[in-house]
Amino acid sequence: MKLVTYDGGQGPRLGLIANDSVIDIAEASNGALPADMRSFLEIGDAALQQAQALTNAQGRPLSEVRVMAPILNPSKIVAIGLNYMDHCREQGVQPPKRPTTFTKFTSSIIGPGDEIRWNPELTQKVDWEVELAVVIGKRARNVSEADALDYVAGYTICHDVSARDLQLEKGDQWIVGKSLDTFCPLGPVLTTKDEMPDPHTLSLRCLVNGKAMQNSNTKELIFKIPFLIEFLTRGITLLPGDVITTGTPDGVGNFLKPPLFLKDGDEVTVEIDGIGSMTNRCVEER
Ligand code: ZN
């Protein structure tokens, strides 16, 4: 299933995509299922099964609604740095022995078509990073690698927009550099895990003004998703709707020679097989 959060004039609603239409899950279930993604995921597998039965319900054309970030209010976003072999090679660094972790504040979330905005007095080195993001489907603590995928609801795309000058040059401010407002485009859909039996064979790309800058595959992931879930849940409870964004492959602007950064008017598209494509325009706020 492809689940979306969308606005058709009534504010954010949870929907299910079928044949280029979006079916309102709360309406189609006569209120048995909730109208927001996080509440829906909190119900667990039963909600997913009930939603599956709604795929023949009456929908409205997807083109008539605004697709938003699939989850607007996760309790947290856990981000993994330096997790692609090709990204290590481009920097000339050894692959890490354990995952590098940071967070993107949930206030940075935007959806497909929304603008990535920044103040050029604050940062002049805004960079792109396409990432596969895992959405948690069940409360998870002390989960073993073997059981980890049972706790996953599905996958979406995180564009881990990064202000490199803030992140790296002004005192290692990773969270500030990665959590500026609008720096976390998520979307366009949440593809449930039954449609993606192997998340470690997916092609992913980032295009800037139509030109492919990143083009890799999740097989390059150093720490695979089950390992990350075991590693994180040793001491941190992951809740339904929480997002783990798994790191970016090579081709970011900071390591190009010469480096290249996003500028006012640029259009950035991130794509992952089986999830879709999301474009955001860049705006420098003067
Ligand atoms: Zn990243």
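General remarks:
- Matching residues in region 182-224 - criterion: being in a loop (DSSP other than H, G, I, E, B), in contact with a Lys or Arg (Cβ under 8 Å, 6 or more places away or on another chain), open to solvent by 20 Å² or more (accessible area, probe 1.4 Å) and closer than 29 Å to V22 by Cβ: T182, T201
- Listed by first and then second residue, the pairs with beta-carbon distance under 6 Å, at least 6 apart or on different chains, first residue in region 128-139 and closer than 8 Å to T248 by Cβ, second more than 10 Å from the ligand (Cβ to nearest atom), are V130/L204; V130/C206; V130/Q214; V130/V270.
- Residue match in region 88-95 (condition: buried (at least 22 other Cβ atoms within 10 Å of the Cβ) and either away from the ligand (no atom under 16 Å from the Cβ) or in contact (Cβ under 8 Å) with a residue 24 or more places away in the chain (or both)): no
- When T246, T191, T182 are checked against the criterion of being modelled with pLDDT of 95 or more and within 13 Å of the ligand (Cβ to nearest atom), T246 stands alone in meeting it.
- Count of residues meeting criterion [small (G, A, S), in contact (Cβ under 8 Å) with a residue 60 or more places away in the chain and away from the ligand (no atom under 14 Å from the Cβ)] in region 249-274: 1
- Of residues in region 229-277 being more than 18 Å from the chain's Cα centre (by Cα) and not in a loop (DSSP other than H, G, I, E, B), the one farthest from V4 (Cα to Cα): F255
The values are calculated or read from the model by the stated rules, or taken from the named source; none is laboratory data. This structure is a prediction, so every number in the text was calculated from the model and none was measured. Cβ: placed from backbone, ideal geometry, glycine included. Neighbour counts: every protein chain shown. All accessible areas refer to the heavy atoms of the entire protein, side chains included, with ligands and DNA or RNA removed. Shrake-Rupley method; radii C 1.70, N 1.55, O 1.52, S 1.80 Å.
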